[in-house]
Amino acid sequence: MKKISIILIALFITTTAVVHVAAQRKVVPVLETKIGGLLGGVQNGKYLDAAATVKAMRAEEDYSVYALDGTVAQLWKLKKPTKFCPGDFYNFDFSEQKSVDFEKGGAALGDGFDWNPLPRKSQTISLDHAEYKKIIGDFLRTRGIANPIITMTQAVRIDLEGDDQDEVVLAATRFVPFTEKDQKKAFDEYSVVLLRKIVGGRPQTIFLTGDVILKNRFDYDASQNSVSSIFDINGDGRMEIVIYQNYVEKSSVKVFEIINGKASEVKQLSAENGGECY
């Protein structure tokens, strides 16, 4: 009987070790649809950059795409990115994918995750909401625009941290096309993404990313920022904010997480497409 017990214990330890090793080997890729590139990956809750992720990816796998409005779409048997572009950009070929509106935006997880990426739902806010337009205006005044013209482009309310306290994510962009400028009249232009959050019992406006150009007479040569997705990327119960940035000749993606009342960029998850692949 004692011998049998020892054998059973040994089998349990061996089995546990095998399961643990298998879990350590699985990497879940993360991509963003507008830029069409690999952001990086997740392994056991830890973020990996794109270079490390692509080495662990299979030849093809399925992806779940999470849009800002809470809808979920599927990419089936998407092939591993093989093109290496300037800025360490790994490009996906979406030409055979028919079920996703890529202009709508959204970020995706590949096979292998075992958590709910959308533990809480977002609520769309009217773009004419006076309180949130004022918040954007107050922020722009801190950046030097005395009388800002507010153009709110996105506004959603969502509990990012799972603490029953909603945050509000706001995006605003105003720029005048160069064809409408005569280089005599100056325009205050901007594109920013802000987070409105209760910290220590008081509401605070947290700047995530963006640009502000004062008294611009020339072409708007800065990023146009929009929120592509908000979802739980690494399974910790907190939801990350994925931001797409469109420039004149390039585009990029940044990811932010909220920890202890502060926004922090996830440096491992990013992409920048600065030109043709080679």
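Taken together, the values in this text are just the output of simple stated rules run on the coordinates, not laboratory data. Predicted model, so just to flag it, every value in this text is computed and none were measured. Cβ coordinates were reconstructed from backbone atoms using ideal geometry, including for glycine residues, and neighbour counts include every protein chain displayed.
Comparing Cα centroids, the range 206-226 and the range 41-75 end up 30 angstrom apart.
Using Cα centres only, tell me the gap between the range 82-143 and the range 227-278 in whole Å. The distance from the Cα centre of the range 82-143 to that of the range 227-278 comes to 8 Å.
Modelled this way, with points 7 Å down the Cα-to-C-beta line, the labels at residue 95 and residue 151 are 3.5 nm from one another.
Note on Rg and Dmax of the Cα atoms in Å: of the candidates (i) 19.0, 58; (ii) 21.9, 94; (iii) 26.5, 104, the value calculated from this structure sits at (ii).
Overall dimensions of the range 114-210, expressed as equivalent-ellipsoid semi-axes from the Cα gyration tensor (√(5λ), whole Å, largest first), are 30, 15, 11. Remark: the chain carries a charge dipole of roughly 540 debye about the Cα centre, counting +1 on each Lys and Arg Cβ and -1 on each Asp and Glu Cβ.
Measuring r between the beta carbons of residue 114 and residue 143 and using R0 = 41 Å, the FRET efficiency lands at 0.45.
If a/c stays under 1.5 just call it rounded; otherwise compare a/b with b/c (prolate if a/b is bigger, oblate if not). Do that for the range 179-234, with a ≥ b ≥ c from the square roots of the Cα gyration tensor eigenvalues. It is oblate, given that a/c is not under 1.5 and a/b is not larger than b/c.
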